Ligand code: SF4
């Protein structure tokens, strides 16, 4: 498949791995900001292909994982109201808040439905005008345009039984919050390519300058990730701190202006709570005053959330990169994908789920697999990657260049 197979080329990946080893003279700690990248790193063993001392931490890049428990509890409370149909994405239904999950609420009789898009929820509202349809809107810059489109269409068509419980978040303020933290270990970031497809990367430029941290826009396939890591370490070794785009086949500096204009029309930037990170200024989206009629938090303002229950989940520390999933005492024992205690074990982009799926089910199993050699990990990637042998032109388009 064009633009996929060439970025899974094991021979090319090996050349990038060797180039990284050649230029690395000291330990570096990088963080990828996307759960999709985390899963790709785990799946292809990319972290094991890096020189000793180069550490990849997994940041708050899973949209389901960063949704605060109080938003989930609010959705559960609204779902319990008579006549309400509560819609959201599949992963979101399984994520525990402090009072359970939306799936558990459905088991108790609430009308909770999985949808693939906010527009699906709008269709349900059109087809059931005697019910209140609430879409629980979560996600980063990538999903906000579709939510904005659903609200704009509802307003245009006068659909009044549709509303949104909004928990959309914005990535750049979260990166700044991580950099401000006194225990921040991150020296360079791999920015999520799909987020930058929408937002571009201009917003990252003052962050890179102010905090003197390289930020490299990176894709999701093994060669993409190795290109991003190489570019980031190259900057660190040279003492540079710039924004660099290694996902140029998808991302432009200005982003998608049409999508951004729609988001600006429907939403207003506001403070937002993140799971494990607390409230971050200007890191979320709420409905703009012109669309306040579609705000479920206003429409259902009188619905009280049930009291929170204590949880042993440490997903907040995982999301900040200060705890590895297998260092959580519940990992693989009391917390599994079948019986998750926290969001990061539920989502297809969650770091705990990635470790569980690709690195075994217990810390003991992980310890046993913890000292790989470059050769063995390259072999692992070869097994997972396409057998394509030639270095493709598309891959060589990346700004970082193909190492000799
Ligand atoms: S392993 Fe489970 S309990 Fe531990 S941090 Fe991850 S999701 Fe939470």
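Restricting attention to the stretch 334-357, does a residue exist that is more than 10 Å from the ligand (Cβ to nearest atom), crowded, with 24+ Cβ neighbours inside 10 Å and part of a helix (DSSP H, G or I)?
Taking every residue of the stretch 334-357 in turn, at least one turns out to be more than 10 Å from the ligand (Cβ to nearest atom), crowded, with 24+ Cβ neighbours inside 10 Å and part of a helix (DSSP H, G or I).
Output the residues belonging to the stretch 114-148 that are more than 21 Å from the chain's Cα centre (by Cα) and either on the phi > 0 side of the Ramachandran plot or not in a loop (DSSP other than H, G, I, E, B) (or both).
Initial filter on the stretch 114-148 (more than 21 Å from the chain's Cα centre (by Cα)): 119-134.
Matches in the stretch 114-148: 119, 120, 121, 122, 123, 124, 125, 126, 127, 132, 133, 134.
Of all residues in the stretch 220-246, count the ones that are modelled with pLDDT of 95 or more, crowded, with 20+ Cβ neighbours inside 10 Å and assigned to a loop (DSSP other than H, G, I, E, B).
1
Could you say which residue among 172, 185 is surrounded by fewer than 24 Cβ atoms within 10 Å (Cβ to Cβ) and part of a loop (DSSP other than H, G, I, E, B)?
185
So, in the stretch 293-332, how many residues would count as being exposed (fewer than 13 other Cβ atoms within 10 Å of the Cβ) and more than 16 Å from the ligand (Cβ to nearest atom)?
So the answer is 5.
Looking only at the stretch 41-56, count every residue that is within 27 Å of residue 274 (Cα to Cα) and either in contact with a helix residue (DSSP H, G or I) (Cβ under 6 Å, 6 or more places away or on another chain) or surrounded by 24 or more Cβ atoms within 10 Å (Cβ to Cβ) (or both) and tell me the total.
5
Pairs please, first residue from the stretch 336-360 and farther than 19 Å from residue 321 by Cβ and without any contact (Cβ under 8 Å) to a residue 12 or more places away in the chain, second anywhere and near the ligand (Cβ under 8 Å from one of its atoms) and assigned to a helix (DSSP H, G or I), Cβ atoms under 9 Å, 6+ apart in sequence or on different chains.
Filtered contacts from the stretch 336-360: 339/345.
Take the stretch 52-79 and flag every residue that is in a loop (DSSP other than H, G, I, E, B), in contact with a strand residue (DSSP E or B) (Cβ under 9 Å, 6 or more places away or on another chain) and farther than 19 Å from residue 322 by Cβ.
First, the residues of the stretch 52-79 that are in a loop (DSSP other than H, G, I, E, B): 52-53, 59-62, 67-68.
Imposing the further condition that a residue be in contact with a strand residue (DSSP E or B) (Cβ under 9 Å, 6 or more places away or on another chain) reduces the set to 53, 59-61, 67-68.
Correct list: 67 only.
Looking at the structure I just gave you, is residue 268 touching a strand residue (DSSP E or B) at 6+ places or on another chain (Cβ under 7 Å), more than 21 Å from residue 100 (Cα to Cα), modelled with pLDDT of 90 or more and surrounded by fewer than 19 Cβ atoms within 10 Å (Cβ to Cβ)?
Yes, satisfied.
Results for (1) in contact with a helix residue (DSSP H, G or I) (Cβ under 7 Å, 6 or more places away or on another chain); (2) within 30 Å of residue 27 (Cβ to Cβ), shown as yes or no for each residue.
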| site | (1), (2) |
| --- | --- |
| 100 | yes, no |
| 109 | no, no |
| 117 | yes, no |
| 122 | yes, no |
| 133 | yes, no |
| 154 | yes, no |
| 189 | yes, yes |
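Could you check how many residues of the stretch 1-49 are part of a strand (DSSP E or B) and under 13 Å from residue 228 (Cα atoms)? If you could, list the steps in order and put the result at the bottom.
At the first step, the residues of the stretch 1-49 found to be part of a strand (DSSP E or B) are 28-32.
Then keep just the ones that are under 13 Å from residue 228 (Cα atoms); that gives 30-32.
Count: 3.
Taking residue 386 and the conditions (1) under 29 Å from residue 219 (Cα atoms); (2) at pLDDT 75 or above; (3) assigned to a loop (DSSP other than H, G, I, E, B), which numbered condition does it fall short on, given that it satisfies the others?
(2) is the only condition that residue 386 fails.
The values are calculated or read from the model by the stated rules, or taken from the named source; none is laboratory data. Keep in mind the model is a prediction, meaning the values are calculated, not measured. So basically every Cβ, Gly included, is an ideal-geometry build from the backbone, and we count neighbours across all protein chains shown.
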